[in-house]
Amino acid sequence: MNIQGDKLEINPKNELNVMKKLLPILVLTGLTGLSAQTVYFSDNFESDTVGSTPSGWTNTSPGKTIVQDTGSPFGANNKYVELIDSTTGGQLNFSETTNELEGIASLFSFDYYEPTSIYTDTMNFGYGASDINSSGPAVLSIGEGSIKGISAYSMDTDVRIFLYVNDTAENTFYSIGDNTNVSLAASTYNLWVYDYTSDTYSQIISDGTVGSNNVERFGFRVFNAATQQAYIDNVNVSSIPEPSTYALGVASITLLLAYVKRRSRK
């Protein structure tokens with residue numbers, strides 16, 4: 001690089017060498033930025049008191065939704081939530097209100113363990129409006145090894161549930177495990193189950209329809225006429241990066257690669 005008066009001249013060879021050195025850094029930081037997600041909610045219940053109701057949640061049945069830390073299906077010295085409704089006259093609404101998930105693509109995930117017991121009914125989980133019921137935008141039933149009536153997991157086994165919800169008018173995609181660029185059509189949801197024991201991902205639902213009601217809450221629900229027992233931990237709600245973000249980043253990196261290649265020929 002030479003400075004002559006007020007004129008700045010850059011040596012093409014030096015410029016090319018600088019660009020080649022910067023290229024790996026730019027690609028790495030660009031891809032890192034593209035993979036970033038917005039986390040709207042995360043709770044592992046470690047700060048809660050054993051035997052109490054989890055803090056920060058709406059809980060209509062305090063005695064049936066409590067924090068435990070013994071005999072944990074999710075590992076030793078770990079706190080988790082036990083949901084247990086042993087009578088058909090009770091109900092359980094364990095949910096968190098939000099107004100951030102409406103009109104976006106998002107992921108609701110949690111660890112789940114259902115023991116073999118005398119309580120054999122199903123419960124609901126997902127995105128609800130005024131309640132976690134059938135009128136919610138993306139509410140599914142779970143119990144006895146099935147999700148929405150589809151065989152999905154083994155009882156007495158630690159699994160993780162992934163509910164991808166696209167509450168937008170545009171198609172998008174996501175990656176999970178070794179599955180990349182999984183399509184998620186506008187106004188649909190996908191559901192996956194990860195089995196910790198076998199280290200496998202299984203897609204259970206690929207074309208669920210997102211309802212028209214607003215997303216006002218997420219969580220879990222056992223109804224009056226049902227009995228259920230289940231354990232839940234590590235609840236997380238985050239965004240799914242928009243395809244336009246990926247497209248812009250890939251296009252920028254492609255142009256940069258083309259520029260370096262073209263300059264190297266001169």
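What residue, among those in segment 120-136 that are among the hydrophobic types (A, V, I, L, M, F, W, C) and assigned to a loop (DSSP other than H, G, I, E, B), is farthest from Phe94 (Cα to Cα)? Walk me through it before giving the result.
At the first step, the residues of segment 120-136 found to be among the hydrophobic types (A, V, I, L, M, F, W, C) are 123, 125, 129, 132.
This time we only want the ones that are assigned to a loop (DSSP other than H, G, I, E, B), so: 129, 132.
Working: Ala129: 14, Ile132: 9 Å.
Residue satisfying both the conditions and the ranking: Ala129.
Return the residues of segment 101-119 that are in a loop (DSSP other than H, G, I, E, B), closer than 30 Å to Asn224 by Cβ and of a type outside the set (A, V, I, L, M, F, W, C); say none if nothing qualifies.
Initially, segment 101-119 is screened for residues in a loop (DSSP other than H, G, I, E, B), giving 101-104, 114-119.
The next check asks that each one be closer than 30 Å to Asn224 by Cβ; those that pass are 101-102, 114-119.
Hits for segment 101-119 are Glu102, Glu114, Pro115, Thr116, Ser117, Tyr119.
Looking at (1) at pLDDT below 85; (2) of a type in the set (Ser, Thr, Tyr); (3) under 22 Å from the mean Cα position of the chain (by Cα); (4) farther than 23 Å from Val215 by Cα, which is the only condition Tyr113 fails?
(1)
Looking at segment 153-172, which of the residues that are part of a strand (DSSP E or B) and of a type in the set (Val, Ile, Thr) is surrounded by the most Cβ atoms within 10 Å (Cβ to Cβ)? Outline the logic, then answer.
To start, the set of residues in segment 153-172 that are part of a strand (DSSP E or B) comprises 159-166, 172.
Filter once more, keeping what is of a type in the set (Val, Ile, Thr): 159, 161, 165, 172.
Numbers: Val159: 19, Ile161: 22, Val165: 27, Thr172: 21.
Ranking the candidates gives Val165 first.
Residues that are under 18 Å from the mean Cα position of the chain (by Cα), at pLDDT below 85 and part of a helix (DSSP H, G or I): does segment 49-70 have at least one? Quick ask: steps written out before the conclusion?
Step one: list which residues in segment 49-70 are under 18 Å from the mean Cα position of the chain (by Cα), which gives none.
No, segment 49-70 has no match at all.
Here's the yes/no breakdown for (1) loosely packed, with under 14 Cβ neighbours inside 10 Å; (2) within 27 Å of Tyr196 (Cα to Cα):
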position	(1), (2)
Pro62	yes, no
Gln68	no, yes
Ser86	yes, no
Tyr119	no, yes
Gly145	no, yes
Ser151	yes, yes
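Counting just the residues of segment 38-48 that are in a strand (DSSP E or B) and not aromatic (Phe, Trp, Tyr), which one comes out farthest from Phe223 (Cα to Cα)?
The qualifying residue farthest from Phe223 (Cα to Cα) is Val39.
Scan segment 187-203 for residues that are touching a residue at least 40 places away in the same chain (Cβ under 8 Å) and under 15 Å from Tyr174 (Cβ atoms) and report the count.
2
For (1) closer than 24 Å to Thr87 by Cβ; (2) hydroxyl-bearing (Ser, Thr, Tyr); (3) touching a helix residue (DSSP H, G or I) at 6+ places or on another chain (Cβ under 8 Å); (4) touching a residue at least 40 places away in the same chain (Cβ under 8 Å), each residue gets a yes or a no:
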position: Ala105; (1), (2), (3), (4): no, no, no, yes
position: Ser109; (1), (2), (3), (4): no, yes, no, yes
position: Gly128; (1), (2), (3), (4): yes, no, no, yes
position: Ser146; (1), (2), (3), (4): yes, yes, no, no
position: Ala152; (1), (2), (3), (4): no, no, no, yes
position: Val165; (1), (2), (3), (4): no, no, no, yes
position: Gly177; (1), (2), (3), (4): no, no, no, no
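The values are calculated or read from the model by the stated rules, or taken from the named source; none is laboratory data. If you're wondering where the values come from, they're calculated on a predicted model, not measured in any experiment. All Cβ positions, even for glycine, are placed from backbone atoms using ideal geometry, and neighbour counts span all protein chains on display.
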